[in-house]
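Here the structure comes first, spelled out in structure tokens, and everything after it is commentary.
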Amino acid sequence: MEIKQQATEIFKSTLKLVNPEEFLPEILSWNKGERVLRIYDRAFELQQETGIFVIGTGKASPTMAAACEKILGQDLAQGMIIAPPDSKIKPGLVTMLEGSHPLPDGKSLAASEELLAFIGKIPDGSVVINVLSGGTSSLLCLPAEGISIAEMRKVYKLLLESGASIHEVNTVRKTLSQIKGGQLLNHLRQTILLDLVISDVPDDDLRYIGSGPTTAQEISFTDAKEIADKYDIWKQFPGSVKAHILKKMEKDGITVTQDFKTHQTWIVSSASKVANRTKLLLEENGYETELIHPAWTGLIDDFEENIMDSIRNKIYDKRGRKALVFYGECTVKVTGQGLGGRNQELALRLARHLKDCGQNIAFLSAGTDGIDGPTDAAGSVVDQNTWNKAEEKDLDPEYFIRNNDSYNFFKEAGGHIITGPTGNNVMDIQIVLKV
């Protein structure tokens, strides 16, 4: 099997192993006779009149909701989730609404309003299982008073193209919302709220996963303004957004959200767990493998350099089958007019380093959600021949890099990884193979 194909097969096998429908039954269980709901080692004894509801948002919410349906069976009262367009999995009893991703629009707004109305009808004392994952920041979207969804969308686009980290992006997002940053808790205080969270942020900080709608925290308008200034996008913010932030700053610049006693949260999957599963798979396939910690966060330029340093120091000129695994998410400051995503661009940049290296090396970078930027690709895979073969086809890889047009490069040159939406979201995985 060609080395690029090996890398692709390992990635796809990892996706199957970390599917929420596979691992959630190991975490969540329901004893119908004793009416005991168990999450890990914590047991909840429910009265006969206590109903169980499921709510959720994010790219993994359909698969998580479907898993909850199988576990709870007829004892699941009702449910409602907000999912991205074209989600493969569709739960049965749980109503699935469609939002927009990566930028919110009217669908996200309408779905969010419908979910809040549903939550408002949940009887007091009910158990609510909240399945939360990445993508929530765009799917669950209720702008602050005086800000339109179109204005919020513009700010999101500016942030995502600025090179800001996910923490910085979500710091600003929370200031523009009525439900992010723990504000959704205000609608759920009458319930026993149990969050099951799939993390898509580097340090698994709950405040930033989906902008932390059910995580009590400080929302800093002062920090939001400083971030907008740092990336020189404040002047491009709509007037209503600037007025909203400045008005809050005139007071104390901070809003503090509050938790309640009957609320608990568990992170059930994360990028580090998936990266470890990838390492084990590679070892089972005969590769001496090193997992590079910690999860990456930062500019693509620095990540590119970090990966190449590791390749040179750890596997160049080494005998035997060697592999490296990286994980996390890099940020790209978009200056071109092309189509692509961070994984495809990173793969194309690595192809430049690997050309003519004289060794049989493959590099893969892909998103575990199956979606890289506004494209139908999860990412791409390259080897030491990718760059030169593209030039033989009269393709100029440097042009595609300059124009942030990695998608169209791989469309012509080959190397795309197409999985479709996976129903999961635990950041990106990078695999280096050497044979």
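Structure values in brief
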{"item": "Selected from Ser220, Leu116, Pro421, residue furthest toward positive end of dipole (the chain; charges at beta carbon)", "result": "Leu116"}
{"item": "Fewest-first sequence of Arg35, Arg402 by Cβ atoms within 10 Å of each Cβ", "result": "Arg402, Arg35"}
{"item": "The range 1-94 - charge dipole about Cα centre, Lys and Arg +1 at Cβ, Asp and Glu -1, debye rounded to 20", "result": "220 debye"}
{"item": "Longest to shortest principal axis, alpha-carbon extents of the range 182-272, angstrom", "result": "41, 33, 19"}
{"item": "Spherically averaged projected area in nm², based on the convex hull that wraps the Cα atoms of the range 323-391", "result": "5.3 nm²"}
{"item": "For Ile401, net neighbour charge (Lys/Arg +1, Asp/Glu -1) across residues whose Cβ lies under 12 Å away", "result": "-3"}
{"item": "Virtual spin-label span in nm between Trp266 and Asp301, 7 Å along Cα→Cβ", "result": "4.4 nm"}
{"item": "Residue-count net charge about Lys174 - beta-carbon cut-off 9 Å; Lys, Arg +1, Asp, Glu -1", "result": "+3"}
{"item": "Neighbourhood net charge (12 Å Cβ-Cβ; Lys/Arg +1, Asp/Glu -1) for Phe326", "result": "-3"}
{"item": "Sorted peptide list for 232-243, 373-384, criterion being average Cβ within 10 angstrom, highest first", "result": "373-384, 232-243"}
{"item": "Debye intensity ratio in log₁₀ form over the Cα atoms of the range 22-270, taken at each q of 0.07, 0.08, 0.12, 0.15 Å⁻¹", "result": "-0.23, -0.30, -0.66, -0.99"}
{"item": "Test item: Cα-centred dipole of the range 272-434, Lys/Arg +1 and Asp/Glu -1 on Cβ, debye", "result": "480 debye"}
{"item": "Rg over Rh, two decimals, the chain (C-alpha only, Kirkwood Rh)", "result": "0.99"}
{"item": "Kirkwood Rh and Cα Rg combined as Rg over Rh, evaluated for the range 79-127", "result": "1.02"}
{"item": "Of every Cα-Cα pair in the range 272-434, the percent that sits beyond 29 Å", "result": "12 percent"}
{"item": "Spherically averaged projected area in nm², based on the convex hull that wraps the Cα atoms of the range 1-100", "result": "8.3 nm²"}
{"item": "For the chain, calculated [θ]222 nm from helices alone, where every DSSP H run of n ≥ 4 adds -39500 (n - 2.57)", "result": "-11000 deg cm²/dmol"}
{"item": "Distant alpha-carbon pairs in the range 157-234 (separation over 18 angstrom), percent", "result": "42 percent"}
{"item": "Lys pairs, the range 305-435 - Cα-Cα below 19 angstrom, 8 or more residues apart or on other chains", "result": "12"}
{"item": "Unit charges at the beta carbon, dipole of the chain: most positive-side option, Thr95, Ile292, Leu15", "result": "Thr95"}
{"item": "Net charge dipole size for the range 226-337 [Lys, Arg +1 and Asp, Glu -1 on Cβ; Debye, nearest 20]", "result": "280 debye"}
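Readers should treat all values here as calculations from the given coordinates under stated rules, not as data from a laboratory. The shown structure was predicted, so the numbers you read here are calculated from the model rather than taken from an experiment. We place every Cβ from the backbone using ideal geometry, glycine too, and count neighbours over all the protein chains shown.
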